[in-house]
Each structure stands twice: as C-alpha cells, then as structure tokens.
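Structure first, then comments.
Laboratory data are not the source of any read-out in this text; all were calculated from the coordinates shown. Everything numeric in this text was worked out from a predicted model, so none of it was measured. Using ideal geometry, Cβ is built from the backbone for each residue, glycine included, and neighbour counts are taken over all protein chains shown.
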Amino acid sequence: MRISDYQYADIIHRCFRCGYCKFPADWSDVTNCPAYARHRMESWSSGGRLWLIRAWVTGEIEWSPYLAEIVYACTACRNCVEKCPLPIADNIVNMVVAARSEMVERGLLPPAVRDVLTRVQQRGNPFGLPAKKRGEWAEDLRVEKFSGQDYLLYIGADGSYDSRAQQAATALVRLLEKAGVSFGILGKNEADDGNDVAFMGEEGLADYLMEQTIARFRELGVKQVITLSPHALYAFTAQYPRLGGDFQAYHYTQVLSGQLRTGALPTPQSGGLRVTYHDPCFLGRWSNEYKAPRKVLGAIGGLQLAEMERNRKSSLCCGGGSGNCYTDLLGGSEESPARIRIRQAAETGAGILATACPNCLVLLEDAVRAEGLDDKLDVRDICEVFCQASGIPL
Amino acid sequence: MDAVYRALVDIVGSDYVSVQPEDLFTYSKDLGTSEPGKPDYVAAPKTTGAVSRILKLANEHKTPVIPLGGGMSLAGLALPLKGGIILDLKRMDRILELNEKGRYVVVEAGASHGKLTSYLHKHAPRLMHSEPGAPPAATIGGNLAIHGQGDLAHPYGFNSDMIAGMEVVLPTGEICRIGSCAMGEKWYTLHPLPDLSLFLGWNGSTGIITKVSLKLYPCKKIREMDIFCVEDENLVPEILYELTHAGMAGDLVAMSSKLPPYSDRLHMISIALSEDSRQEMEFKRQILFDTHLAKYIREGTGGISMAGRDVERPMVSKASDWKKGGGFEYVGAILPVTDYPECYRRGAAISAAHDIPYTVLGRVIGAGHAMMFSWSYAFNRADEQSIAQARKALHETDDLVMELGGTIWKPAVYGQKLLLEKMDANTLQMMKKVKTMLDPNAIMNPGHWEVD
Amino acid sequence: MHTLHFDENKCLACEARDCLTRCRYMNMDAQGAAAELKKLIAGEDSPVLHDCITCYACEEYCPMGNHPFYLIVSRQEALGISPLPSPLVRQGIQMGIPFRGEPEIEKVDGLALNMGVFSGLSHLISGKLFENVTPISTDSRKMFHYFCQLMYLHYGKVSVINERLEGVMEAISAHDADAVVHFHDECYGTYTSYAPAFGMAVPFKSIHLFEFLHDRLTELAGEIHPLGFRVAYQRPCSSRLSPDKHVFVDKIFDMVGVEHVERQYKNEEALCCGSTIMPQKRPDSRRFCLDIQRENIEDMKRAGAELCIFNCPACMQTLWKQITEYGIMPIWMSDLCRMAIGEKPA
Ligand SMILES: Cc1cc2nc3c(=O)[nH]c(=O)nc-3n(C[C@H](O)[C@H](O)[C@H](O)COP(=O)(O)OP(=O)(O)OC[C@H]3O[C@@H](n4cnc5c(N)ncnc54)[C@H](O)[C@@H]3O)c2cc1C
Ligand code: SF4
Ligand code: SF4
Ligand code: SF4
Ligand code: SF4
C-alpha cells in the first residue's frame, strides 16, 4: 500500500545512509544512536529506519509489527540530527514522527504503544492510573496549590505517579522552598503535557492535552512554569506557542542556578562526592541546556564532577525518549541503552550518577540493578543530590 | 524455521540473526546505483570463532556468505548476488592492542575508521593511521578488502600496503594468521615470510579478515591544508611532480568540480601539511611555494588559493545531495599521474552529456607512482531515470578507464567484467586457482572476481 | 557602461600627492608621484600598476576626494595587469556567481541589516543591540545575490563589479527598508564611495555598522559596564572608503570603556591583514605578507593589547590564529559591544 499523503515524501529519499548519525561528536563509536546500539542491525539505525519508512510510504514493503517496532524504537534523542551532514538533518525525527502518525491513523501500532496511548487517552497518564490520584504524592508535603504565585511547578506524570520519580519531585519541592521561590502546584488538576504523545505520532491527542493545559494555565493566570521533566519543558517551549500557549517555561535546574547566582539558595558542602552527570536528551540536545545542571552540581562544595566520555551533545540517550520508557521497546538486553549508559557512568569511577529527568532516573535506576552495580553507583536526580548535600531530610 | 536459521541463532544469539523481510530489504540495498540483491539471512557475529562456525555451516549448506563492513563501497560490493548470509561484521569492533613505540595497533576488522581515529586521538595523539575520505562508519576490514587509500596515500601508498599482520577466516572456516603474528603475539610485520596476503582487494571472495595490525605513522601537532590552484589541467602532473619531489606533503589531491561555481574549470591541488611547530611549517611552505612553485606564481599560471586551513573530517557525503536526491556513486581508477588532464577532460564531458555536474578528483598515491581518480555522479534516489542515467555515466566511465589503460578501483560487477576480459590469461588462471583452492564450494561473496 | 569619474584637475592642483607619496608599499616622492600619476591618467603603463598591493589606503590619503585607487584598478584592467595569478582571478570571479535559486525578498519595516556575503555570521547580530533591525541576506545559499562585489578591486576587475552591482542593489532595495545598515565596511564603501564614483545611482540609504552600534550604545548607555581592556583594532582595507566613519571606532571604544592602545600601525597607518597580498604574483609576495603580519601583531603586542578587535571577516579569518598564538584574543566589534551591555559574545 502506498501512503499517498506522507508529509515528508519530497525529502525522505535524501538520506544517503552514510551513517554519520550513529556517532557521538568525537566519532568514538557507531553506538550513539540508542536503537542501533541495542540491535546493531542496519534497520535500527537512523538511515535504515528512514529507508524503511520510505519503502513503506512508496509501497515497496508492507507494514508489519516488526516495522512498527523499528519505527517506534527511535527515542527521538536527536543524536542523528546533530551529526547528519545533509540538509535533511533537522527533519530526521520529524520524518519518523510523521510515519508514526500514519500508523496511528491506520491503527497499526505495536501493542505496547497502543496501550500507552489508550491509557493516556482514558486516564490522562501513561500509567493508566486514576486521574484523581495524580496529586496524592504531595499530600503529606503540604505544598501550596497554585494561586497566583510567581511560578507554577509542573510535575508531570512521572513525578506524580512513579514512586521513584516522586522522590525527585519531593526533593524539588523542598529545594524550591529552601531557595525561597514562590510557587504552587496543580495537584490532581494537572494534565499530561502531551510531549511524548506528540512524539508517538498521536497528534490529535497531543493537541487535545496541550489545549487543555493551556486553558487551565490561562484560567489560573500562569505566567511562568518550572518543570521537573525536560520533556515537559520542551513541549512548553517548543510546541505550546503554536497552540497559543503564552507563558515562560524553565527547567528547574535553570531556576536553581539563578537562585544560586543571587545567593537565594545557599551552597551546601559535600564530603568529596564523585558524581557523573547524564545529559537528558530533552534538556540537552532538544533544549540546548548543558550548563545549568552542571552549575547546580558545581555549587555543591567539594563535589567532583567526573564527566563521562559521551557528554553534552554526545550524551547517549537512556533509551526512554518519545514514550520508550513506558513501552520498553529497547529493553531486555545487556545492550539496552540504559545499561550501556550505566557501564559508561561506572567507568568514571563516580559513586553517583546524577540526571535531571524523571524518565532517565527511572530507566537508569532499573539498569544499575540489572548491571549489578547498585552497590557502587547511586542513580539520583540532581535535586536529590543537592538536597542530600544540604542536609534536607527527604 | 529452517536449519540454517536455527544454527545461526545458536552461534550468534537470536538478537543478532534476522530473516525479517525488513532486514532483508535493508541489506539488499547500498548507497549507490546497484540493483538490489536480497540475502536470505542476516547475522552479526561478535567473535572470530563465530565467523568460523558460520563459514563451516555455510559450506555444509552451500550457502553464500557475504561479509559486510560499513557497506560504504557504493559499488554494490557487499550486496548478495546469489542470496545467502550477510555477515554484518560491525560488532567485531574492539581495539585490541596499541603498541605506541612500535607504531602499530591491532584491531578487529569491523571497527570503524572513525572509532580508530578517535581512539588514537585520545590514547596516542602522536600517531595516526591512514583514514579514507569515506564516511567514518567505513570499517578497517572493508577498506582493506577493496585496497582503499586514505590521507597518508602520498607518503605511504595504499592502505593495504600499511598492514603488519592479519587474522583471517578461510572460506572453509579455518582461522589463520599472516605475518609475525602467526608465530606468536607480536603483530609488527607481514614480511619476510612467504607472501600469503591473498585477501586484500578480493572483495571478501577469498575469506574474511577478522583482525588487522595497522601501521601507525607520526601525527604532528599542527595539521593544515593549503590549496594551489591552476587553470590549465596540463600543468597538474608537473606541479604534482614538483610537490612529490619536495616530498613534504601529507595528502595530495587534485580536484575540479562544476559546483560550487568557483571551482569550475579550475584545478585545486590540496596539500596537507603537518608539523610540530610553526617554524617547521613555514620552512615547508618556503620549500614548496617559494621554491618549487614560485615559477607558476610569477608567471601567473598558478596561485595559492588557500593557506593554513584547518584539516577537518571530510564530509564527502554532502555530494549526494547535489540533486537533492540522497545519492551519488563514483568510478574509482588507478592511473599514472600523467593521465590527469585526460581524465579531467573526458570525465567532464561524460558528466555534461548526462546533465550531471562533474566532479573529478585525483589523489596521489606514493611519490607520484599512481593516482586514484574518481568521477562522481550524483543522482536522485527517488527518480529511476536519474539513477539509470548515473549508472550509464558510470559504465561509460568504466569504459573510459579501460580505454586509457587504467585499472578500475573497487569495480562494480560491470567493471570487474571489463577487467577480467582484458586480463592476461595466465593471471586469470592463477586467480582461479587461488579462489578454487581457498573456496572449494564457491560460497564467498559469489559473483565477485569470478573467473569462468 | 559605467566609468570612473576621476578629476585630473584636482591632481594638477595637488601638491603633496599623498596618494602615492604616503603609500607605504611604494617609495615615492612628490615628483615621482606626479610623473606616475600622469601616466596613469593617460592610460599608460606605470610601475604603480605592478607594485600596488591593493590596500585601498590611497583612497583615504587623497585630500581632494579624488579616487586614485579606483583609477589604478581601472588602468590595471585596461592594460591587462593583474595583481593575482589568472586562476585565482577566475576563481574569484566565479565565486560570486549565485547558483542556488533566487532569494525570497521580504519587505522590511524600518532598518535592514545587510549581511552581504557573510550570512554565515548571522549569529553575531543577536541580542539587544540588534533588536530593532531586520537582518537581510541571512541564507548562505542566497547570499551571493547580496555580494557587493567590491572584492574585485583586488583582482584588477572593475568591469565585474560594474556588470553585477546594479542587480545587487536591486535585491537590497527590493526589501524596501528605511535605510540599510551594512554589516561589512566593504558593502558600506561600495554604496557610499564606489557606486557614486562610477556614476551609479544607489536606491537606498546606507548606514555604517559602527555608527549604528554607537547610536545603539548611546540608547543603552545605562546598561554599559566599562570593560577595561586594552585593545588594538585591525582596520580593514575597505574602511579606507569611509574614513569619515572611522571616528566611530574610538567613540565606541570610549563608550564601552576600553583603551585603544597607541601603536605604530594605527588609524591611517594601519597595515593590511595580508589576505590579498599572500597570493599575489610579485616575487616573494607570500613572505612579504608574513612579514607585515608579524610586524602588525608584534606592534599590537608591544603596545600591550589584550584584545584585537575585528570587523572584517577576511581579516579575522586571516589573522585570528596568529593573533591567538601571540596571546592576544581576537574578538568581533559587535561582540565587544555586546559584552559591554552584559551579554555573552556570540
Ligand atoms: C562519500 C564516500 C567517500 C569515499 N572515499 C573513499 C576514500 O577516500 N578512500 C577509500 O579507500 N574509499 C573511499 N570510499 C569507498 C568506501 O567507502 C571505503 O573504501 C570503505 O572503507 C569501505 O569499507 P566498508 O567497511 O564500508 O566496506 P563494505 O562496503 O562493507 O565492503 C567492501 C567489500 O569488502 C568486503 N568486506 C567487508 N568487510 C570485510 C572483511 N572484514 N573481510 C573480507 N571482506 C570484507 C565486502 O564484502 C565488500 O565486497 C568512499 C565512499 C563514500 C561513500
Ligand atoms: S540520517 Fe543523515 S547521516 Fe544518517 S544515514 Fe541518513 S544522510 Fe547519513
Ligand atoms: S533520534 Fe536518536 S534514536 Fe532516533 S534515530 Fe536519531 S539517534 Fe537514533
Ligand atoms: S589622487 Fe588625490 S592625492 Fe593623488 S594626486 Fe590626485 S588629488 Fe592628489
Ligand atoms: S592601494 Fe595601497 S598599495 Fe596601492 S597605491 Fe594605493 S596605497 Fe599604495
């Protein structure tokens, strides 16, 4: 079958399949595309995937569950966009997402993807948990509800529902309080930000979620938002304006680094922690923020930041982007990206692997256990590391 | 599931074997204009032992085996012409030993050139290997299997002249070492033992290279490129003669292309220079420009068009987008340096006839002992006619090389045929003997270098 | 066909003949200069046509507003005397040929900022200083439509400039801006000096980047934090075509609180960056170029410069490496101004 109105039909053939997209910035290996690193077969690389999509679009091959899996296993980590030397670079991820949209439209989805989308549609979150439970994590914390404070703190589904990410959300609340930031949360009135849904190709649902959030923000007079998750940050800054969202969004590390600069947040001491930092794709490559998280970590006295060889623009994706942390299409192997990443982190000799994204946090923590390194390496969100150093009880 | 599939799963694990139509599709095509060739299986082994077992298996079943590295040959050299098992060797990518003072590195053949360059940069910044201008995903083994040349071609020759040891798996599955490594663990020379390097340039039709010791060469701190430009193509050979006489350059490449317009009908001779200090660099430039090339500058027939440009990784891939079509392929040929003018004129004419902007490039190999020419033809992958046109231009160029008495480098099947037709009968017979002896069941990349 | 309006009567009345006597690349007294000028005016061969390194300086030296350098280049072309080897001339001429389609022209409300052939440097013109201008020619595939062509003065080819310039002016004026700020001195010189000298009407008003920056800094004066550096300035050849705007260099330096160090090769005595000298045909041109580059940079160093300020991309490209090796930091004028108002350099 030919997909007649595929949005990128006029450029998708321009991928040369030359494979620059597999590399990190220093060309140190072909393994910086997480999907390719996991499978090591050409179909799973950026070029292979684009050629397959094109073949599906032109009718040269038929849809199959395997094809759908290949298409959905791209984590939208944007490594390929950084490295591809051709003018198509900026559209690589768009071409994949557009193919997903076609699959959504035809109901041709991998079961895991279909389930996640259904759960978001029915319950408003990818876990399929009741919407009214979204605020429960904060009940004991006595966090103010948003009512015109300077900032709205947007937690997102992971921080709200996932027990591990909730710990990060809690730490963040405590830190913002300590930094004297005036903020409130939405609790059970928070809706999904729609970022992953959009990247999974379910545009209709994504737009619906985004419009819902915009309306709510508008109603409440939200002008500035702090996000726990870089995924929400990216949606708010890059996708919401198109739908009329007119508020400023910041990742929490950006706000904290500001508070550190003004002295509003005191700098704690750590007893010589050795920490490595994993750049989340949606904070780094998508939002071009590499400094703020390092500033926050760097403000901890005595902390040694031991960079992994693949850092900043060359960070290896944990494998969780664009819904993959829920669908786990890249899981189940020693070569799952999160496990490779754990081994890279361990090489630095750090005792803590810090990150700044709840998706990364959850996946990396699972991976550190799978690698049997959990007694050597703690996976922490930056706000947790900072709280711990500041002696804030969690 | 059939027996071969089950056996492959047993050897490499189910994650790394596939008979999925999508994978067979992906591996049936390469970047150039060749017709697709479908494999029956794809397998990605991790170890030499696994390669050996797969070859034994393939002999049992008389199934073809096609080794694949980066798949960047452009000429369809790793596309199955008769089905069989594609062996994607890129998981065999370890860097096994660096002997810095002994100036060699032992790598698995599936390691990419990009990886090795990056590794040396970090662990032995005073050493380099000769990296081809191909995309960095090109592998060490694949490049040797087609006699590639890299950025040290002028000082040191073909990449296949720069090896100090090999491990290969014969078509029948035996693992062999060649060179000093055959007698122990020292991988420093191929000679002076009886010559057994029957695998270089064979497109994988005599066995699979699994490990290689590559010679490393001094890498200086400052690496820059100057460009000397002339209008008259007839001057190129004598200028190269001057430059190779001075013997101070690294890579030496002469090039002309229709696009971008500034290089049209001009010949850009790029001269790579590297030294540890500014003084040494300037000394070299004095010898080259103020002595050897001064005459051309004074006459006004040649000029320094660029000086001191930083050397960056070449991004030749960009040429694939000249037709906004994601494709190009070139004919490579080895010819004497003196043929440059003719190669340029005739190549530009072929391009013009096919309405493709011409690109003719010649890289000096050795002290001007030969030149690797390439004539590139961009095409639009979405337009069958454009592909057909490029293919036609490629074939005409193959014919041109034969007419000029040249040797086609990494010939596609069409070019291989031309070469075999012209080859001395006794040489042909010897090739056949070697092939039959090594590969009695003719399973290795069948259809390539095949003597009837 | 456009021809140069050169007023020979001015030369007759001229005493010092600064154009040639002050030329730092030729050794000539007033008498010699008179003789050579006579030949030039008459269209005869003269050593000047062979020895000129095309530094543009005489355009500034001439106190009468005559155009000695344009005359020299016109005569070089007429007599087939090229300062550069012929392949480089061809390369240069072909470089200016646009080959990637026509630019899409959008109307500009207010001021346009013309990047000319330096679209690749568009990142420099960001931040507060540039808030109220609309950049044009920011697409490197289309930038040759905006190429002021003046480079061909180094090539002995006024004909190429004259052939192409009207089309270029058309592209710029089609944006319909109130006035055009030119990123590069060379563009500014083209539209305010060269075109009028050759009798071409320029359909838009031009503003020099430095004047623009100076005005913006004045508006943002409250936000300026003096930088306190000691700086040298690499004056580009094309600045000689707008000597009246050169004063803004020191005005800007004063505003941003940097000290313009006293040195031998300052202001009218500036040295060419060398990019055009390097490949010229004259024997030993390459080494001569290196010599003046070294002299220039050592002069900066002796004067205690910490930064060297550039505006011309060609000067920057030619000298940044060497300057850095001398421990002086090369920096764009626009970045210097941005730093002064607390922004990060691009
Ligand atoms: C843009 C571009 C520029 C290029 N520039 C250059 C250049 O400057 N110099 C140059 O030399 N080449 C160049 N090439 C050609 C080619 O990409 C390189 O030679 C490359 O190194 C080939 O390696 P590969 O791993 O991609 O080989 P493949 O294409 O995978 O394989 C090539 C052949 O070798 C066989 N083979 C692969 N691995 C093995 C093995 N381990 N043992 C035995 N046989 C094997 C294959 O079956 C096939 O026949 C260029 C290509 C492109 C696309
Ligand atoms: S995405 Fe870009 S780098 Fe990757 S194979 Fe395609 S063209 Fe090459
Ligand atoms: S976005 Fe990331 S996962 Fe997707 S193809 Fe590109 S590099 Fe691979
Ligand atoms: S060009 Fe100017 S300086 Fe030279 S002689 Fe004429 S008037 Fe005098
Ligand atoms: S352009 Fe420069 S070198 Fe030429 S005559 Fe004028 S001042 Fe002298």
Checklist outcome for this item: Note to self: C-alpha centroids of region A:191-261 and region B:131-175 sit apart, in Å, by 51 Å
Item to check | Sum of side-chain charges, residue B:230 neighbourhood, beta-carbon under 15 Å (Lys, Arg +1; Asp, Glu -1) | outcome: -2
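Give a quick list of trypsin sites (Lys or Arg not before Pro) in region A:216-316 that DSSP marks as loop, anything other than H, G, I, E or B, with at most 14 other Cβ atoms within 10 Å. All intermediate terms of the calculation are to be shown ahead of the outcome.
On the way: sites: A:216, A:218, A:223, A:242, A:261, A:274, A:285, A:291, A:294, A:295, A:310, A:312, A:313; in loops: A:223, A:285, A:310.
Passing sites in region A:216-316 are A:223.
Can you pull out the GluC sites (Glu not before Pro) in region A:25-88 whose DSSP state is coil and whose Cβ has at most 15 other Cβ atoms within 10 Å? If you can, show how the numbers build up before the last one.
On the way: sites: A:42, A:60, A:62, A:69, A:82; in loops: A:60, A:62.
Sites meeting the loop and neighbour criteria: A:60, A:62.
Quick one: B:174, C:131, fewest Cβ neighbours within 10 Å first, how do they rank?
Values: B:174 13, C:131 9.
In order of increasing Cβ crowding within 10 Å: C:131, B:174.
Set the Förster distance to 60 Å, then compute FRET efficiency between residue C:131 and residue A:63 from the Cβ-Cβ distance, nearest 0.05. Intermediate results must be reported in sequence, preceding the final value.
On the way: r = 50 Å, r/R0 = 0.84.
Once rounded, the FRET efficiency stands at 0.75.
Add +1 for every Lys or Arg and -1 for every Asp or Glu among the other residues with Cβ under 12 Å from the Cβ of residue B:87, and state the total.
Once positives and negatives cancel, what remains is +3.
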Checklist entry - Could you state the number of Å between the C-alpha centres of region C:75-102 and region B:296-314? => result 16 Å
Next on the checklist: At a 10 angstrom cut-off on C-beta neighbours, averaged per residue, how do the peptides A:117-125, B:311-319, B:197-205 rank from highest to lowest?
Outcome noted: B:197-205, A:117-125, B:311-319
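Which order do B:439, A:158, C:284 fall in if you start with the one that has the fewest other Cβ atoms within 10 Å? Provide the component values of the computation, followed by the final result.
On the way: B:439 22, A:158 27, C:284 14.
Least to most surrounded, the residues fall as C:284, B:439, A:158.
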Checklist entry - Which distance in nm do the two modelled labels at residue B:429 and residue C:38 give, with both placed 7 Å along the Cα-to-Cβ direction? => result 8.9 nm
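Using only helices, what value at 222 nm comes out for chain C when you add -39,500 (n - 2.57) per DSSP H run of length 4 or more and divide by the total residues, to the nearest 500 deg cm²/dmol? Working shown, then result.
Values: 14 runs with 135 residues, N = 346.
Using -39500 (n - 2.57) per qualifying helix, the result is -11500 deg cm²/dmol.
Please report the net charge: other residues with Cβ closer than 10 Å to the Cβ of residue C:322, K and R +1, D and E -1. It would help to have the intermediate numbers written out before the result.
Details: positive: B:278, C:294, C:321; negative: C:325.
After counting each charged neighbour, the total is +2.
State which entries of C:128/C:251; C:251/C:301; A:313/B:46 exceed 26 angstrom in Cα-Cα distance in the structure shown.
On the way: C:128/C:251 19 Å; C:251/C:301 23 Å; A:313/B:46 29 Å.
Checking Cα-Cα distances, A:313/B:46 exceed 26 Å.
For C:332, B:449, B:375, which order do you get if you count the other beta carbons within 10 Å of each Cβ and list the fewest first? It would help to have the intermediate numbers written out before the result.
Details: C:332 19, B:449 22, B:375 28.
Fewest to most other Cβ atoms nearby, the residues stand as C:332, B:449, B:375.
Using only DSSP helix segments of four residues or longer, with each worth -39500 (n - 2.57), what per-residue ellipticity at 222 nm results for chain B after dividing by its residue count and rounding to 500? List each step's numbers first, then the result.
Details: 13 runs with 133 residues, N = 452.
Per the formula, -8500 deg cm²/dmol.
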Item to check | Spatially proximal aspartates and glutamates relative to residue C:38 (Cα-Cα < 15 Å; intrachain offsets below 8 disregarded) | outcome: C:7, C:8, C:15, C:18, C:29
Checklist entry - Mind listing which trypsin sites (Lys or Arg not before Pro) in region B:150-251 are in a DSSP loop and have 14 or fewer other Cβ atoms within 10 Å? => result B:221
Item to check | region B:190-249 and region A:20-42: distance between their alpha carbon centers, rounded to Å | outcome: 28 Å
Checklist entry - Between rounded, prolate and oblate, where does the protein assembly as shown land on the alpha carbon gyration tensor, with a ≥ b ≥ c its root eigenvalues, rounded for a/c under 1.5, else prolate if a/b exceeds b/c? => result oblate
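If the limit is 24 Å between Cα atoms, which of A:83/B:284; B:392/B:432; A:83/B:318; A:145/A:223 go over it?
Details: A:83/B:284 35 Å; B:392/B:432 30 Å; A:83/B:318 13 Å; A:145/A:223 15 Å.
Exceeds cut-off: A:83/B:284; B:392/B:432.
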